[in-house]
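The values are calculated or read from the model by the stated rules, or taken from the named source; none is laboratory data. It should be emphasised that the depicted structure is a prediction, and the values quoted were computed from it without experimental measurement. When we count neighbours, we look across all protein chains shown, and the Cβ atoms used for this are built from the backbone with ideal geometry, even at glycine. Surface areas here come from the heavy atoms of the whole protein model, side chains and all, with no ligands, DNA or RNA. Shrake-Rupley method; radii C 1.70, N 1.55, O 1.52, S 1.80 Å.
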Amino acid sequence: MDKSMLQGADLDSLPEEDKKRMATMIDQLQIRDSLRMYNSLVESCFSDCVDSFTRKALTKQEDTCVRRCAEKFLKHSMRVGMRFGELNQGAATQD
Amino acid sequence: MDKSMLQGADLDSLPEEDKKRMATMIDQLQIRDSLRMYNSLVESCFSDCVDSFTRKALTKQEDTCVRRCAEKFLKHSMRVGMRFGELNQGAATQD
Amino acid sequence: MDKSMLQGADLDSLPEEDKKRMATMIDQLQIRDSLRMYNSLVESCFSDCVDSFTRKALTKQEDTCVRRCAEKFLKHSMRVGMRFGELNQGAATQD
Amino acid sequence: MAANNVPVGLDKEQIFGMAEKEMEYRVELFNKLTHTCFNKCVEKKYKESELNMGENSCIDRCVSKYWQVTNLVGQLLGAGRPPM
Amino acid sequence: MAANNVPVGLDKEQIFGMAEKEMEYRVELFNKLTHTCFNKCVEKKYKESELNMGENSCIDRCVSKYWQVTNLVGQLLGAGRPPM
Amino acid sequence: MAANNVPVGLDKEQIFGMAEKEMEYRVELFNKLTHTCFNKCVEKKYKESELNMGENSCIDRCVSKYWQVTNLVGQLLGAGRPPM
């Protein structure tokens, strides 16, 4: 989850205990989000790379495919995060 | 979210403070639901309408397509809500 | 939801009131999960079995198809739960 | 979940939790139904922004059939609870 | 949700609830965008683990167009609130 | 999340929150696995309500391979935490 996504929340104006509560909430959402990302990365790469069920173990090709898929997905996801952050930034400064 | 979906909850029999808590819960679910609906409408119409990535800006056709898609989706969603409410109503009076 | 999925949580080491809270949390997740399973079973079998909209009522074939689909899905789901439990067990004893 | 279905011996937290799960379930059912019937009934070329007569009657039948499938699967799961 | 947009008369629970929903919304938007653009832009044969130049520029344009669609739909829904 | 993995200095709310997220994660993993393997292994014409031998062994292998992919991706993410 991109940090910039949460920048809208104006934490500084809150009293101390609310700030703490808000921070905990953000932490919890980030934990949930990374676990979901992990789950959906596994599902995507499994679906794209594994299609034969004649054996129990991953074949060498499937293993390679999953590794590349995961790497590509992560690079993609970082790039999207960067672009998304820039657009968010632009929208924020227009306000 | 259709109001009728929540009619099963027998709010009148609850003490005052529980009523308030239940109402807050319903409000929260409605906010979450409309934000999700918004997200999934965007995703649907984007997927159906945008397929060329040779330029950064939406083309005139893509713009028109997205507008029609969103309007159709909203009309569809209202019709489904009506029919769904009728069936719910029927099921409730059968009890 | 497979019971074995929650075995990682070391409940015995917790004080009494935390145990109760943890148990309530697990119950809530199980309720949510079975309702979600129900929803996704309906969606899957509807999508696979119902494709004609010239009449309001399910045809005999659609009815039969939905019944078989639901039975197959449940049997499949139980088998996956068993295998998943074995793998979880294996992973746990390796620790 | 109607109040008279609530098992005895549950504390308030559990009752609120169950009510919340039940509402989440209804919202999710509605959303899945909406998306499924949109895909089955609505023409995706978006030549106009109105639903035509064919689409409208397809939607009505789709909702009705989805409802029947929900009830049918509910019976098969035999949970003793009404699917709605 | 910036503090200055919060309607008066809400208690603290409601404000926290709204902030939470808003963040969930942003995360979900980001995830849907990520998956949609992955499917539209990234070659699925996975012959290498790098994104090539074509994929990279497709991703940039895809994000930009998704953003525009988000804004456009937001205007159509006319909620008076910014979609982000 | 086993108790001995919990970092020190977290208060009880955070521990409960983490335990809840962990369980949600396992449920979601199980559900995604179930749906993916249903789509990969089960014949969709529904000529009978039993799983045949081919489907059963496909399911077993599918679960096993899904598990391996989960572990493999976990290693790549290198989070130092076991994926399960």
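If you take the Cα centroid of the range C:23-95 and the Cα centroid of the range E:19-37, the two points sit 27 Å apart. The accessible area of residue F:30, taken with all protein chains in place and a 1.4 Å probe, comes to roughly 20 Å².
When A:51, B:33 are compared by accessible area at a 1.4 angstrom probe, the order from most to least is A:51, B:33.
Accessible surface comparison of B:79, E:26, probe 1.4 Å, protein chains only, largest first: the order is B:79, E:26. With the convex hull drawn over the C-alpha atoms of the range D:3-77, the volume per residue is 125 Å³. If you plug the beta carbon distance of residue A:17 and residue B:23 into 1/(1 + (r/R0)^6) with R0 = 22 Å, you get a FRET efficiency near 0.30.
Label points for residue B:34 are taken 7 Å from Cα along Cα→Cβ. From this copy to the others they lie 3.4, 3.4 nm apart, shortest first. Neighbours of residue D:64 by Cβ distance under 11 Å: Lys/Arg scored +1, Asp/Glu scored -1, total +3.
Shown for residue E:56: label points 7 Å from Cα along the beta-carbon vector, and their distances to the equivalent points in the other copies, 5.3, 5.3 nm in ascending order. Counting from the shortest, the label point at residue B:89, 7 Å from Cα toward Cβ, is 5.4, 5.4 nm from the same position in each remaining copy. Sorted from longest to shortest, the spans of the Cα atoms of the range A:12-94 along the three principal axes equal 60, 30, 13 Å.
Paramagnetic label reach from residue D:53 (point 7 Å along Cα→Cβ; backbone nitrogen cut-off under 18 Å): within the range C:43-82, residues C:53-56. Could you name the lysines whose alpha carbon sits less than 21 Å from that of residue D:44, not counting residues in the same chain fewer than 8 places away? Output for residue D:44: B:60, B:72, B:75, D:32, E:32, E:40, E:65.
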